[in-house]
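See structure below.
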Amino acid sequence: MKWLAFLLAALNLAVWFVPAWIEPSRYVGVSSGTLPRVSSLKVASETMESLSREESCLRITLGMFDARDDAENAAAGLKHKVGIVEVEKELPPLHWVLIPPQPPEAARAQFRELYLQGVESYIVSRGEYRNAISLGLFESLEAAQSVMAEKKQANLNVVLANLP
């Protein structure tokens, strides 16, 4: 019995330490279904050396700015030479599911009811939809219609507004 325990302990040690002694293959084929080890990967230094500092180019895209001056101010803080390219992109309309505007007290009371039911909602504080209760703003019309149908089944008076 002692010999069996000794043999199992020796096999356990072999399982743990033998793979470290075996040199990993330089390339593991894709067909094997395994990834190459990090130690077997090499940096492609030839391509890095072929580009000199003057020839290298770095492109960073920074978000949307309201005015060109804002973009220039943001670029002024960078230490590299910067070029600004204006790109106009039409944003898709947003679909807003909301409970129509109502008197302030009624809106607060309905908001409290929704909150107690666990419905995530917000009271609109300004603009055309002041005192409306927002139930979500969606890029997808299907998602907005799905939420709208769900809220109508819960006997809520909801409407869909499109924001340009």
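The values are calculated or read from the model by the stated rules, or taken from the named source; none is laboratory data. Not measured: the values here are computed from a predicted model. Note that each Cβ is placed from the backbone with ideal geometry, even for glycine, and that neighbours are counted across all protein chains shown.
For the range 74-106, the set of residues classified as part of a helix (DSSP H, G or I) and modelled with pLDDT of 85 or more consists of Pro104, Glu105, Ala106, listed by residue number.
For the range 132-145, give me each residue that is out of contact with any Leu (no Cβ under 9 Å at 6 or more places or on another chain) and either of a type in the set (Asp, Glu) or at pLDDT 95 or above (or both). It would help to see each step written out before you state the result.
Residues of the range 132-145 that are out of contact with any Leu (no Cβ under 9 Å at 6 or more places or on another chain), as a first pass: 140, 142-143.
Selection gives Glu142 alone.
How about the range 104-122: which of its residues are more than 15 Å from Val158 (Cβ to Cβ) and of a type in the set (A, V, I, L, M, F, W, C)? Correct list: Ala106, Ala109, Leu116.
Taking the criterion of being surrounded by 17 or more Cβ atoms within 10 Å (Cβ to Cβ) and assigned to a loop (DSSP other than H, G, I, E, B), the residues of the range 107-155 that qualify are Ser121, Val124, Tyr129, Asn131, Ala132.
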